[in-house]
1. Do you know which residues across region 87-136 are farther than 26 Å from TRP279 by Cα, out of contact with any Cys (no Cβ under 6 Å at 6 or more places or on another chain) and assigned to a loop (DSSP other than H, G, I, E, B)?
2. Find the residue count for region 172-206, including only residues that are crowded, with 17+ Cβ neighbours inside 10 Å and among the β-branched types (Val, Ile, Thr).
3. May I ask you to verify whether LEU13 is closer than 20 Å to TRP330 by Cβ, part of a loop (DSSP other than H, G, I, E, B) and among the aliphatic types (A, V, I, L, M)?
4. Looking at (1) closer than 22 Å to THR319 by Cβ; (2) within 13 Å of the ligand (Cβ to nearest atom); (3) not hydrophobic (A, V, I, L, M, F, W, C), which is the only condition PRO100 fails?
5. Output the number of the condition that ALA95 fails; it satisfies all remaining conditions of (1) more than 16 Å from the ligand (Cβ to nearest atom); (2) more than 19 Å from the chain's Cα centre (by Cα).
6. Say we look at region 159-202 and pick out the residues that are hydroxyl-bearing (Ser, Thr, Tyr) and more than 13 Å from the ligand (Cβ to nearest atom); which of these is nearest to the chain's Cα centre (by Cα)?
7. Applying the selection to region 179-228, what residues are modelled with pLDDT under 95 and touching a strand residue (DSSP E or B) at 6+ places or on another chain (Cβ under 9 Å)?
Amino acid sequence: MTVKETGVSYYGLNYVEHARADFQEMLDHHCTAVVLALSEFDLDFWFPNIKAIAQAAKELGLTVYLDTWGIGKWFGGEPPSLFLTNNPGNRQVSALTGEPLAACCFNTHAFREYFFEICEKLAREVDADGFFWDEPHYALPKSYASITGGAGDDWSCRCAYCQRMFEAQYGYAMPRQLTPEVKRFRHERALDILETASRRIRAIRPASKIICCVHATLGTYYVTENRGYDNWDRVAGSAACDVFSTTILSYQLPRSFFRSVTQRTLDAARKHGKGNQRWVMGYYQEPENLAEIGDVIRLYAEMGVESIFAWTYRGGHGTVLAAPRALEVWDTIGNAYGEVLGK
Ligand SMILES: [Zn+2]
């Protein structure tokens with residue numbers, strides 16, 4: 001087995017003595033690492049205890065990663081965005097309808113500076129091992145979403161700011177169609193903000209390990225979802241990525257899809273000499289036979305995955321996104337972690 005790290009995400013970062021007990025429970029579930037999911041509200045309101053909680057996790061022996069969770073609704077996640085609340089402008093805009101969307105345009109100066117300040121403050125003041133870029137993406141301006149995504153006709157962002165930048169670069173107005181130039185522009189901008197943030201973090205805390213986790217989608221010739229991070233080769237090769245990671249998959253998908261996503265993740269990471277990571281769904285949805293969760297974790301381990309993480313602590317118990325048998329899911333994950341770590 002090649003597994004070096006097993007972990008779980010954790011949110012609700014409020015009281016250090018409660019977090020300490022939860023971290024002990026993670027250790028009892030054979031976790032070696034934790035991703036602290038930090039919402040904009042947490043960062044704004046609970047910052048002193050975020051520092052203390054990260055410290056407590058380190059003292060107990062966990063590797064600690066900081067997840068800029070849902071920030072600007074550019075990263076994946078449920079938390080609302082303070083930036084969106086406080087800035088009526090700076091929103092992503094639908095290319096076809098021109099309507100503003102409930103997501104920040106991460107190409108604007110205002111949002112970039114806001115994000116860089118958060119990263120630098122975390123790097124300076126929180127004793128963590130690294131950062132976790134959690135499903136960064138352009139907003140998908142459609143009324144539905146699925147775990148594997150799906151191609152839509154509309155896209156973002158075509159705000160005034162992006163239009164000006166595009167025109168300055170290419171010398172003509174930004175098309176409403178996803179032309180090759182528009183796709184290239186979106187990819188470049190999407191990686192630039194993460195690369196700049198990573199550089200600023202490493203300038204403060206050089207040992208920071210940066211995990212870049214993108215949606216585990218098909219990304220093939222016929223179907224590409226245009227989230228801006230669909231070219232895994234470019235993401236894995238980017239300076240914003242020390243560990244290339246791909247997200248959870250629904251248990252309803254065939255095992256062949258789990259294998260192909262995992263193999264493509266490993267191939268992209270290895271090509272660029274990066275670490276690799278795969279995620280397991282440990283909330284919301286569960287297989288009929290919970291033992292299949294262990295099968296997936298063992299599959300990843302056998303295929304050569306180094307870092308396996310599950311979203312989230314206790315199967316999301318107590319949230320609207322809890323797995324139906326949340327605590328059993330959590331125990332199943334813990335047992336499988338022990339197995340693949342050889343404990
Ligand atoms: Zn924009």
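1. ASN87, PRO88, GLY89, SER94, ALA95, LEU96, THR97, GLY98, GLU99, THR108
2. Count: 3.
3. So LEU13 passes the test.
4. (1)
5. The single condition ALA95 does not satisfy is (1).
6. SER198
7. Passing the criteria: HIS215, ALA216, THR217, ARG227.
Listed here are the residues, each with its yes/no results for (1) surrounded by 19 or more Cβ atoms within 10 Å (Cβ to Cβ); (2) farther than 20 Å from GLY334 by Cβ; (3) free of Cβ contacts under 8 Å to residues at least 12 places away in the same chain; (4) among the basic types (Lys, Arg).
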residue: LEU27; (1), (2), (3), (4): no, no, no, no
residue: ASP42; (1), (2), (3), (4): yes, yes, no, no
residue: ALA57; (1), (2), (3), (4): yes, no, no, no
residue: ASN87; (1), (2), (3), (4): no, yes, no, no
residue: GLN92; (1), (2), (3), (4): yes, yes, no, no
residue: ALA95; (1), (2), (3), (4): yes, yes, no, no
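The values are calculated or read from the model by the stated rules, or taken from the named source; none is laboratory data. The structure presented is a predicted model; accordingly, all values stated were derived computationally and were not measured. We place every Cβ from the backbone using ideal geometry, glycine too, and count neighbours over all the protein chains shown.
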